Amino acid sequence: MPLIIDKKTYKSRLIIGSGKYKNFEETKKALEASGAEMITVALKRTNLGQNDKQKNLLDYIDPNTYKILPNTAGCFSSEDAIRVCLIARELLNDNLVKLEVLADKETLLPNEEETLAAAKELVQLGFSVMVYTTDNVELAIELERVGCVSVMPLASPIGTGQGIKNSNNLKNIIKNANIPIIVDAGIGTASDATIAMELGCDAVLLNSAIAMSDNPVQMAEAMKHAVIAGRKAFNAKRMKISNIAIPSSKKTDALS
Amino acid sequence: MNIILNGEKFSIDKKTSIKDILIQNNIGEKNIVVEVNKEIISKTFWDQITFEENDQIEIITAVGGG
């Protein structure tokens, strides 16, 4: 089964963020190396008095080639998040958004109440909502029920690169979901992305793990393979774990 | 008169339009959204709209983000 988000099919199960790169050129190269078809962007005030020939991120990432996923990053209330989504729709002429409503600047953990309130209203306004959330199973179920097109729980806090700290909760969310579950936040390196996929996640969304590595283009390629490996392993199903050693060759093949 | 442009005080003539503000600040018309007092103003109206004292204008674009 391919990955389908909001009725659109994706070959790649990796979604990357566009933040923290040295420049737009590096962002573009990393995106190409990652094989991702979807990339998140944030919406911010323009710099005043700049050279009008100065390139914009959207000059480097062609919306006709890549699915641009505008993110409500930096919003701490449903009201602000909805405002950002309306701006995004005007800018990109698209209803797909990543909803992120944070609880506080220290932890950057999602504000569950505001996230749910914003999700409900955005769906009513005709948006297709991919929602960043905690690993709370009940909330994930509720976000699907109100009409989100994807639920995206964290693996560990944003930008920490701590890897997957909540395998059991993620598994429970996956077990109860009928829409794509995408791990968003916390991935630190390629093996973390593989583990997320082996757990049964439909895709992985990451940013810092690539952008903050010493070689973002190489890490982007590593992530591409990591996600493919994890998905294949998930489909193939791992062997049973045994407490005792079992020889790889049959007893009858032994010389003595 | 004064307006608040992207959070900063900005002095304009009375009949200034959004288009004029963009030109004065070297901002191209591509890839931006303009809000006046938190209401999105469609591009069609950028040369028609004029402002009141202390109006809040936000010019927003896509930037890198996770």
Tell me which residues come under 5 Å, amide H to amide H, from A:ILE158 once H is placed; ignore anything under 5 positions away on its chain.
none
The answer for A:ILE15, listing residues at least 5 apart or on another chain whose modeled amide H is closer than 5 Å to its amide H, is A:VAL204, A:LEU205, A:LEU206
If you take every residue apart from A:VAL84 with its C-beta less than 15 Å away from the C-beta of A:VAL84, what net charge results, scoring Lys and Arg +1 and Asp and Glu -1?
-4
Determine which residues of segment A:61-83 fall in the zone a paramagnetic label at A:GLU106 would reach in this model, i.e. backbone nitrogen under 19 Å from the point 7 Å along Cα→Cβ.
A:74-77
Between A:PHE76 and A:PHE234, what is the spin-label point distance in nm, taking each point 7 Å from the Cα along the Cα→C-beta axis?
3.4
Please name the residues of segment B:38-66 whose accessible area, counted over protein heavy atoms with a 1.4 angstrom probe, falls by no less than 10 Å² between the chain alone and the full protein assembly.
B:LYS38, B:ILE40, B:SER42, B:GLU58, B:ILE59, B:ILE60, B:THR61, B:ALA62, B:VAL63, B:GLY64, B:GLY65, B:GLY66
Springs between alpha-carbon pairs under 10 angstrom, Gaussian network model over chain A: which of A:LEU43, A:LEU31, A:LEU96 fluctuates most?
A:LEU43
Phi to ³J(HN,Hα) by Karplus 6.51 cos²θ - 1.76 cosθ + 1.60 over segment A:201-214, Hz, x for Gly, Pro
4, 7, 6, 10, 10, 8, 9, 4, 4, 8, 5, 9, 6, 5
Percentage relative contact order, segment A:95-167, counting C-alpha pairs under 8 Å, at least six apart:
29
Build a GNM of chain A with springs between Cα atoms under 10 Å: which of A:ASN168, A:ASN235, A:ASN47 gets the top mean-square fluctuation?
A:ASN47
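Quote the relative contact order of chain B in percent (integer), defining contacts as alpha-carbon pairs under 8 Å separated by 6+ residues.
45 percent.
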Excluding A:ALA33 itself, what net charge comes from residues whose Cβ is under 12 Å from its Cβ, given Lys and Arg +1 and Asp and Glu -1?
0
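Leaving out ligands and nucleic acids, and using a 1.4 Å probe, what accessible area per residue does segment A:89-169 come to in Å²?
Averaged over the residues of segment A:89-169, the accessible area is 43 Å².
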Alpha-carbon centroid distance for the pair segment A:94-130 / segment A:173-231, whole angstrom:
21
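What value, in deg cm²/dmol to 500, does the helix sum -39500 (n - 2.57) over DSSP H runs of n ≥ 4 give at 222 nm once divided by the residues of the protein assembly as shown?
Values: 10 runs with 104 residues, N = 322.
Mean residue ellipticity, 222 nm, calculated: -9500 deg cm²/dmol.
Looking only at other chains, what is the average number of their beta-carbon atoms within 10 angstrom of each beta-carbon in A:37-48?
Rounded to a whole number, the mean comes out at 6.
Sorting A:THR65, A:THR189 by accessible area (1.4 Å probe), largest first, what list results?
Reading off the accessible areas and sorting them downward yields A:THR65, A:THR189.
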Ranking by accessible area, most exposed first, for A:PHE127, B:PHE45 with a 1.4 Å probe:
B:PHE45, A:PHE127
Nearest 10 degrees, 0 to 90: helix A:216-236 Cα axis against chain A principal axis
50
Can you pull out the buried accessible area for chains B and A, both sides counted, probe 1.4 Å, rounded to the nearest 100 Å²?
2400
Calculate how steeply helix A:167-176 sits against the longest principal axis of the alpha-carbon atoms of chain A, using the helix alpha-carbon long axis, and give the answer as 0 to 90 degrees to the nearest 10.
80
Among the lysines, which fall within straight-line cross-link reach of A:LYS175, defined as a Cα-Cα distance under 27 Å, with same-chain neighbours fewer than 8 residues apart omitted?
A:LYS7, A:LYS8, A:LYS11, A:LYS98, A:LYS120, A:LYS165, A:LYS224, A:LYS232, A:LYS237, A:LYS240
On average, how much accessible surface per residue is there in segment A:1-82, in Å², for a 1.4 Å probe, leaving out ligands, DNA and RNA?
51
Run the numbers on segment A:16-71 and let me know its relative contact order in percent, using alpha-carbon pairs under 8 Å that are six or more apart.
46
Which FRET efficiency value, to the nearest 0.05, do you get for B:SER42 and A:SER191 by plugging their Cβ-Cβ distance into 1/(1 + (r/R0)^6) with R0 = 41 Å?
0.30
Taking 1 over the mean of 1/r across every pair of different Cα atoms in segment B:2-61, what Kirkwood radius in Å do you get?
11.4
Rank these by accessible area, largest first, 1.4 Å probe: A:TYR66, A:TYR10.
A:TYR66, A:TYR10
Here the residues of segment A:66-93 whose accessible area is at least 40 Å² smaller with all protein chains than in the chain alone (probe 1.4 Å) are A:ARG83, A:ILE87, A:GLU90, A:LEU91
I'd like the antiparallel share, as a percent to the nearest 5, of DSSP beta bridges with both residues in segment A:10-236.
5
Under 1.5 on a/c is rounded, so check that first for segment A:10-236, then, if it is not, pick prolate when a/b is larger than b/c and oblate when it is not; a ≥ b ≥ c are the square roots of the alpha carbon gyration tensor eigenvalues.
oblate
Which order, highest average first, do B:10-23, A:236-249, A:209-222 follow once you tally other Cβ atoms within 10 Å for each residue and take the mean per peptide?
A:209-222, B:10-23, A:236-249
Using only Cα atoms, tell me the angle between helix A:112-124 and the longest principal axis of chain A; keep it within 0 to 90° and round to the nearest 10.
70
Round to a whole number: what % of the accessible area of chain A belongs to carbon and sulfur, probe 1.4 Å?
49
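The values are calculated or read from the model by the stated rules, or taken from the named source; none is laboratory data. Here the structure is a predicted model, which is why all the values come from computation and not from measurement. A quick note on method: Cβ atoms are made from the backbone with ideal geometry, for glycine too, and the neighbour counts reach across all protein chains shown. These area figures cover heavy atoms from the full protein model, side chains too; ligands, DNA and RNA do not enter into them. Shrake-Rupley method; radii C 1.70, N 1.55, O 1.52, S 1.80 Å.
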